[in-house]
Amino acid sequence: MRRKDARRAPAVMGASTGAARRAPGGRGTQLRRLDRMDGLLYACKRLRIQRRSSRRRMRAMHRELWMSGAYDVIVIGLGAMGSSACYHLAARGHRVLGLDQYHLAHDRGSSHGETRLIRKAYFENPSYVPLLRRAYELWENLELECGRTLFERAGLVTFGRPGASRVFDGARASGRLYDIPLEEFSREQAIGRWPIYRPPEGFAAAFEPGAGFLYAERCVLAHANEARKRGAELRENEPVVDFAIENRQAVVRTACGRYTAARLIVAGGGWSASLLRELVLPLTLRKMMLGWFPATSDHAAEKGAPGFVFDLDDDFYYGFPQIDGESIKVAGHRRFEPLAAPEDKDRLPPSAQRIAPLRQFVRDCLPFAQDEMLRTSHCIYTMTPDEDFIIDRHPTAPELVFAAGFSGHGFKFASVVGEILADLAIEGETAQPISFLSAARFSA
Ligand SMILES: Cc1cc2nc3c(=O)[nH]c(=O)nc-3n(C[C@H](O)[C@H](O)[C@H](O)COP(=O)(O)OP(=O)(O)OC[C@H]3O[C@@H](n4cnc5c(N)ncnc54)[C@H](O)[C@@H]3O)c2cc1C
């Protein structure tokens with residue numbers, strides 16, 4: 001989209017930019033049959049972008065960046081996505097300022113609660129698989145750099161009714177399309193292999209050995225610490241009051257000061273609708289509950305227990321191997337309470353009505369666990385209407401890049417989303433196939 005005069009069309013919180021255009025191509029156009037083809041395409045695109053970034057262009061860009069603000073890039077929000085963006089920008093040698101209203105790895109947003117599932121056989125939409133391939137590589141790199149385990153390759157077993165479960169059938173379809181190793185089991189075979197699970201009659205199981213889980217807070221801290229080691233300035237407990245793009249420069253005001261930069265990235269999680277209100281993104285918030293239930297050591301990750309997903313009629317339940325020596329974390333993906341504002345998340349304790357289905361699931365399907373909930377935590381899903389993410393540049397102020405609407409499945413992508421945000425902010429484009437995540441798909 002052509003950029004208008006920035007003075008006449010500032011990207012200010014609350015100012016309207018008008019509707020964005022519909023992106024060409026649908027989900028289907030993103031599908032790629034071959035792994036190697038994906039790798040090759042990615043490498044070619046990357047090379048093209050690198051070639052275009054000739055030395056002269058790089059010099060000009062850096063001159064522009066250095067002249068136009070105290071920082072090259074300001075990142076608003078240091079959750080899963082923003083901390084990753086800071087890391088990638090700092091690793092490329094840019095001067096980065098990251099701002100968060102709370103401390104790193106806090107529990108008021110969407111990136112806390114110990115663990116997140118990570119898998120490649122993506123039932124939601126196979127278009128995500130190329131992004132997942134890159135996300136896996138980047139998590140592995142980050143693990144090596146920070147020297148801590150971030151990703152437990154425990155595997156993931158998905159239970160569903162073949163032919164009737166979107167989750168089970170979708171995982172198999174993605175697996176076939178992208179040659180992702182998946183082992184299939186009848187109900188009886190699955191119970192024989194994992195006596196800790198009791199799927200309903202008529203269910204089957206698909207096991208993805210390369211899947212597992214990420215330590216959520218550790219990942220956020222690893223990105224933030226590695227960003228700081230590379231020179232990024234990350235300021236915690238400093239809420240952004242407003243921001244604008246003025247004369248092609250980002251101006252950000254916080255409770256403590258005023259900062260300028262050549263580029264701005266907004267990764268505000270549940271606060272995105274208000275931070276980016278002029279874009280009128282179709283985002284809604286859901287309050288989600290996680291519960292920890294006592295379980296025997298048969299559920300322990302070190303004994304080979306995988307993560308699990310059960311696509312039951314009333315909800316899609318999922319859970320994690322035991323990592324604390326006494327309990328397992330279990331949650332339902334579809335059962336939620338609507339949330340007017342992120343600040344309301346912990347205002348009320350969970351009702352018995354919310355806890356009862358989770359306890360029932362534990363009783364019915366996890367014979368080595370007890371249904372007395374030991375503790376609970378709440379977390380925010382920021383939903384888009386189609387449950388796909390939004391990653392884009394502002395339609396009239398390309399200095400502003402944003403990522404929002406991760407719809408309850410974004411954490412596993414944080415490593416690659418940070419890289420994409422850095423690409424969009426600095427290069428103006430990315431080699432990753434993200435057109436299906438454009439904000440323009442919601443315009444009339
Ligand atoms: C219960 C639950 C289970 C989940 N399970 C999975 C899973 O198994 N696998 C998976 O891949 N994903 C999962 N997800 C989704 C995933 O956790 C989220 O998509 C991801 O954490 C979103 O990260 P974010 O950076 O967008 O948001 P956040 O981590 O919330 O970060 C946004 C940040 O912006 C900051 N901010 C906002 N406004 C301002 C302001 N004005 N000034 C300064 N800072 C500001 C906030 O303080 C916050 O730190 C789950 C989510 C939940 C809630």
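Some values worked out for this structure:
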quantity: Equivalent-ellipsoid semi-axes of segment 300-362, from the Cα gyration tensor, Å, largest first; calculated: 25, 15, 11
quantity: Hydrodynamic radius of segment 285-444 per Kirkwood, over alpha carbon pairs, in Å; calculated: 17.9
quantity: Relative compactness, segment 133-257, computed as alpha-carbon Rg over 2.2 N^0.38 Å; calculated: 1.59
quantity: Electrostatic dipole magnitude of segment 376-433 [Cβ: Lys, Arg +1; Asp, Glu -1; Cα centre; debye, to 20]; calculated: 220
quantity: Exposure proxy order (Cβ contacts within 10 Å, fewest to most) of V416, V75; calculated: V416, V75
quantity: Segment 98-189 - convex hull of alpha carbons, volume per residue in Å³; calculated: 159
quantity: Average silhouette area of segment 73-128, convex hull of alpha-carbon atoms, in square nanometres; calculated: 5.4
quantity: Alpha-carbon centroids, segment 160-213 and segment 90-139: separation in whole Å; calculated: 25
quantity: Packing-based order for 323-330, 208-215, 131-138, using average beta carbon neighbours within 10 Å, highest first; calculated: 208-215, 131-138, 323-330
quantity: Normalised convex hull volume, segment 145-203, alpha-carbon set, Å³ per residue; calculated: 119
quantity: Per-bin percent of Cα-Cα distances, segment 261-373 [10 Å]; calculated: 12, 35, 27, 18, 7, 1
quantity: For segment 188-284, the fraction of alpha-carbon pairs in successive 5 Å shells from zero, as %; calculated: 2, 9, 12, 14, 14, 11, 7, 7, 7, 7, 6, 4, 1, 0
quantity: Fewest-first sequence of C146, C256, C379 by Cβ atoms within 10 Å of each Cβ; calculated: C256, C146, C379
quantity: Positive-end residue of G319, L285, G304, charge dipole of segment 257-331 with Cβ unit charges; calculated: L285
quantity: Neighbour-count ranking [beta-carbon atoms within 10 angstrom, fewest first] of F406, F411; calculated: F411, F406
quantity: Solvent-free Debye scattering, log10 I(q)/I(0), computed from the Cα coordinates of segment 243-288 at q = 0.21, 0.26 Å⁻¹; calculated: -0.81, -1.02
quantity: Value of Rg/Rh across segment 198-244 [Cα atoms, Kirkwood radius]; calculated: 1.33
quantity: Ellipsoid semi-axes in whole angstrom, largest first, where each is sqrt(5λ) of the Cα gyration tensor of segment 351-401; calculated: 41, 12, 10
quantity: Summed side-chain charge close to H299 - residues other than H299 whose Cβ falls under 12 Å, Lys, Arg +1, Asp, Glu -1; calculated: -2
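Only the coordinates and a few stated rules stand behind these numbers; no lab work does. Everything numeric here is computed off the predicted structure, so don't read it as measured data. Counting neighbours? That spans all protein chains shown, and the Cβs are built from the backbone with ideal geometry, glycine included.
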